[in-house]
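Below you'll find the structure, written out as structure tokens, and then a few comments.
The values are calculated or read from the model by the stated rules, or taken from the named source; none is laboratory data. Bear in mind that the values here come from a model prediction, so they are computed numbers and not experimental data. Positions of Cβ are backbone-derived with ideal geometry, glycine not excepted, and every protein chain shown enters the neighbour counts.
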Amino acid sequence: MRKKISAAIIGFGIAGVSLFATGSASSHGYTDSPTSRQVYCSNGTVKNCGAIQWEPQSVEGSKGFPARGPADGTICSGGNSRFAELDDPRGGQWPATQVTAGQSLTFRWRLTARHATTDFRYYLTRPTYDPGRPLTRADLESQPFLTVPYGGRVPDATVSHQGTLPAGRTGKQLVLAVWTIADTGNAFYACSDVRF
């Protein structure tokens, strides 16, 4: 009986250590509306995605975008080299959600670990954006078209925001969603390709 109890205690100890060791990579959040590159990789629509196919919620990088945060060309991966496939423009062939300039659109996050939140911000690429090149700050409008402040509150597991897409866009563009965490130095990044 003592051996069984000792084995159980050791087992729980190992499980607990494993949980703490993987906690930062195990879960956080991603956008699924409009569909993000993470989702297309995790659901198998896009192949050869590397580790992101198992961790769509883990695109975490430094906060403070656009003044700080991931370097140009690594924005869609949050500057995380493990998810570099998200920065690959794939010749402009990422699947895209059909949208209309000026339309109201729902932006939805799935949060697998909830955090005290500063805000959610949504940026759209400029009319001159080239979907065949990795995303840079110069490709994005300097100000988000939608900012949802949270003031340190913890959001629900599913978060939806209504926003109006800017007018004057045609063709393939990209929405960058940034979820800024209040009590760490990080934010979560998601790129969604859209077609006007």
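One table, with the values for the structure above:
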quantity: Sole residue being assigned to a strand (DSSP E or B), under 19 Å from the mean Cα position of the chain (by Cα) and either surrounded by fewer than 13 Cβ atoms within 10 Å (Cβ to Cβ) or at positive phi (or both), chosen from THR106, THR118; calculated: THR106
quantity: Residue match in region 41-48 (condition: outside any loop (DSSP other than H, G, I, E, B), at pLDDT 50 or above and at negative phi); calculated: yes
quantity: Candidates ALA84, ALA113, ALA182 - the one that is of a type in the set (A, V, I, L, M), surrounded by fewer than 20 Cβ atoms within 10 Å (Cβ to Cβ) and at pLDDT below 95; calculated: ALA113
quantity: Residues within region 144-179 that are part of a loop (DSSP other than H, G, I, E, B), of a type outside the set (Gly, Ala, Ser) and either surrounded by 12 or more Cβ atoms within 10 Å (Cβ to Cβ) or touching a strand residue (DSSP E or B) at 6+ places or on another chain (Cβ under 8 Å) (or both), tallied; calculated: 10
quantity: Hits in region 131-170 (condition: free of Cβ contacts under 8 Å to residues at least 40 places away in the same chain and under 20 Å from ARG195 (Cα atoms)); calculated: ASP139, GLU141, PRO144, PHE145, LEU146
quantity: Which listed residue is closer than 16 Å to TYR150 by Cβ, touching a Gly at 6+ places or on another chain (Cβ under 8 Å), assigned to a loop (DSSP other than H, G, I, E, B) and aliphatic (A, V, I, L, M), from ALA101, ALA113; calculated: ALA113
quantity: Options ALA21, ALA51, ALA15: the member that is modelled with pLDDT of 95 or more and part of a helix (DSSP H, G or I); calculated: ALA51
quantity: Unique residue being in a loop (DSSP other than H, G, I, E, B) and hydroxyl-bearing (Ser, Thr, Tyr) when the list is TYR123, TYR129; calculated: TYR129
quantity: Selection within region 140-169 - of a type in the set (S, T, N, Q) and either modelled with pLDDT under 95 or more than 12 Å from GLY102 (Cα to Cα) (or both); calculated: SER142, GLN143, THR147, THR158, SER160, GLN162
